[in-house]
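As structure tokens, the structure follows; a few thoughts come after it.
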Amino acid sequence: MARRLLLACLAGLLVAACGTASTPRPRPGPAATPEPSQDLLFTVAGPGAERLMVLGSDAGTDGARTLPAGVPSRDWRTVYTATVDAAGTTVRALDARSGQALRSTRLDGRFQLPVVGLHGLPEGLAADGDVLVLAADRTGGSSRFAVLDTKLRSPARLVELPGDWAYDAVAPDGSVLYLIQHLSASDRSRYVVRAYEVAAGRLRDGVITDKRNPDERMAGYPVTRVADDEDGWVYTLYRNPKDHSFVHALNVLEGFAFCIDLPGKQGGERDRLWSLAYGPGHKLYAVNAGRGLVAELSTEQFEVIRHATFAPTPASPASAGLVATTADGSLLVAGAGRGLVAIRTDDLKPQARWLEDRTLDGLVPNADGSRLYALSQDRDQILRLDPRTGTVLEERAAGGSRALLAAVPR
């Protein structure tokens, strides 16, 4: 009996000591027997981000295939590309797995796929996958756009507007173009959003402003965006060098918008490090790991519900804002250069720091959020992580990739 009492006391002391000690950080490291990756990874490569790479395919000895940069269908089965030559522009639909050309058409003039933000993928494909929008090089004081049926059998509808215009978004069925009209040649941060009805060939009257503050002047530069195709919302995060960064929430079904001011300091290069994540339950988060800021945004009231600060991750001017959510929405994983921080969504507090010895340039979850991939450009590696612990499960060559776009089922 005395021996059992002694052992029980020792066990109690051991538990008490563990309870008072600081929680050790996870130590990510290669798994002893990693399972093969179950995803295809789409990345951007080339000095001018002119190539799309598919890693993990059966092509070639290194399991990589290279395609021209383009806009993908929602299932990443088809990639639409635009190639300019001396005679005009060739638009192609390519099989994303094999690179085989499925169909193509020609346009007179120099057209390209629109890009919104600093680190984004080319855009212009309507949510239903049936309409593709391209923008021409601006010449002669006017702006031109081409609207195509993705079957590429019908002639393109051409849109020409006087002044300086840029692509913003497109209605899910391609019936309405949402365009940015730049108001000043000397200050391109000043803009308004307009709606163009494709079938009628005309601009709608008026501009699209914040419904709660229609007199507010719009100014800023787009950084990043996410979309909720199901409910028809496009959320674009703008940095404003003279004021707060903000999220412009545009309803592309009905053509109205709200603006959500973000917390924190104003201006500076670190405003380029904001990133957006759209998690389970229609939850929207804005994170700036370089500033150490995280905010949850209401997609019903269109305001910041809560925000918090944390120790920022080291960042350089070349860094990009990174963020992803776990499958159950319990964690945000964010970075802005060196290492990642895992943030609990229930209280917006850091849970752990991962990969602090690595500079990271990309971060994407797979389709169901059960796997997480990170790109380290300086080491030319892509890491597969356990999204709950940050443990490195697999390392593979990145093939010169500059950005990580998506992880999709084979």
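Quick rundown of the values:
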{"quantity": "Ala219, sole failed condition from (1) surrounded by fewer than 17 Cβ atoms within 10 Å (Cβ to Cβ); (2) at pLDDT below 95; (3) not acidic (Asp, Glu)", "calculated": "(1)"}
{"quantity": "Residue count for segment 123-145, restricted to those that are in contact with a Pro (Cβ under 7 Å, 6 or more places away or on another chain) and either of a type in the set (Phe, Trp, Tyr) or in a loop (DSSP other than H, G, I, E, B) (or both)", "calculated": "6"}
{"quantity": "Unique match (being modelled with pLDDT of 95 or more and out of contact with any Lys or Arg (no Cβ under 6 Å at 6 or more places or on another chain)) among Ala295, Ala320, Ala315", "calculated": "Ala295"}
{"quantity": "Residue among Arg306, Arg379, Arg388, Arg402 that is of a type in the set (D, E, K, R), surrounded by 15 or more Cβ atoms within 10 Å (Cβ to Cβ) and farther than 21 Å from Arg225 by Cβ", "calculated": "Arg388"}
{"quantity": "Extreme residue, surrounded by the most Cβ atoms within 10 Å (Cβ to Cβ), among residues of segment 281-303 that are touching a helix residue (DSSP H, G or I) at 6+ places or on another chain (Cβ under 6 Å) and part of a loop (DSSP other than H, G, I, E, B)", "calculated": "Gly290"}
{"quantity": "Total residues in segment 233-283, condition in contact with a Pro (Cβ under 6 Å, 6 or more places away or on another chain) and closer than 21 Å to Asp210 by Cα", "calculated": "2"}
{"quantity": "Subset of segment 133-152 that is loosely packed, with under 13 Cβ neighbours inside 10 Å and touching a strand residue (DSSP E or B) at 6+ places or on another chain (Cβ under 8 Å) - its residue that is farthest from His182 (Cα to Cα)", "calculated": "Lys151"}
{"quantity": "Residues of segment 97-121 satisfying the condition of being farther than 24 Å from Glu197 by Cβ, in contact (Cβ under 8 Å) with a residue 12 or more places away in the chain and either of a type outside the set (Ser, Thr, Tyr) or in a strand (DSSP E or B) (or both)", "calculated": "Arg97, Gly99, Leu102, Arg103, Ser104, Arg106, Arg110, Gly117, Leu118, His119, Gly120, Leu121"}
{"quantity": "Test: residue in segment 164-184 that is in contact with a strand residue (DSSP E or B) (Cβ under 7 Å, 6 or more places away or on another chain), within 20 Å of Thr83 (Cβ to Cβ) and surrounded by 15 or more Cβ atoms within 10 Å (Cβ to Cβ)", "calculated": "yes"}
{"quantity": "Complete set of residues in segment 315-331 that are over 12 Å from Lys283 (Cα atoms), free of Cβ contacts under 8 Å to residues at least 60 places away in the same chain, buried (at least 16 other Cβ atoms within 10 Å of the Cβ) and among the polar types (S, T, N, Q)", "calculated": "Ser319"}
{"quantity": "Near pairs, Cβ below 7 angstrom, 6+ apart or cross-chain, from segment 194-221 (within 28 Å of Arg270 (Cβ to Cβ)) to any residue that is among the β-branched types (Val, Ile, Thr) and in a strand (DSSP E or B)", "calculated": "Met218/Val192"}
{"quantity": "Some residue of segment 196-213 being of a type in the set (Gly, Ala, Ser) and either surrounded by 15 or more Cβ atoms within 10 Å (Cβ to Cβ) or touching a helix residue (DSSP H, G or I) at 6+ places or on another chain (Cβ under 9 Å) (or both)", "calculated": "no"}
{"quantity": "Some residue of segment 260-274 being more than 19 Å from Leu118 (Cβ to Cβ), of a type in the set (A, V, I, L, M) and either at pLDDT below 95 or out of contact with any helix residue (DSSP H, G or I) (no Cβ under 6 Å at 6 or more places or on another chain) (or both)", "calculated": "yes"}
{"quantity": "Condition broken by Asp173, with the remaining ones in (1) assigned to a strand (DSSP E or B); (2) more than 22 Å from Thr299 (Cα to Cα); (3) within 23 Å of the chain's Cα centre (by Cα) satisfied", "calculated": "(1)"}
{"quantity": "In segment 42-95, the residues that are among the acidic types (Asp, Glu), in contact with a strand residue (DSSP E or B) (Cβ under 8 Å, 6 or more places away or on another chain) and either crowded, with 18+ Cβ neighbours inside 10 Å or at pLDDT below 90 (or both)", "calculated": "Glu50, Asp62"}
{"quantity": "Residue count, segment 237-275 (criterion: assigned to a loop (DSSP other than H, G, I, E, B) and among the hydrophobic types (A, V, I, L, M, F, W, C))", "calculated": "4"}
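To keep it simple, each residue is scored yes or no on (1) in contact with a strand residue (DSSP E or B) (Cβ under 9 Å, 6 or more places away or on another chain); (2) among the aromatic types (Phe, Trp, Tyr).
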{"site": "Arg225", "(1), (2)": "yes, no"}
{"site": "Pro241", "(1), (2)": "yes, no"}
{"site": "Ser245", "(1), (2)": "yes, no"}
{"site": "Glu254", "(1), (2)": "no, no"}
{"site": "Arg272", "(1), (2)": "yes, no"}
{"site": "Tyr285", "(1), (2)": "yes, yes"}
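The values are calculated or read from the model by the stated rules, or taken from the named source; none is laboratory data. Note that this is a predicted model, so its numbers are computed, not measured. Every residue, glycine as well, gets a Cβ built from its backbone with ideal geometry; the counts of neighbours run over all protein chains shown.
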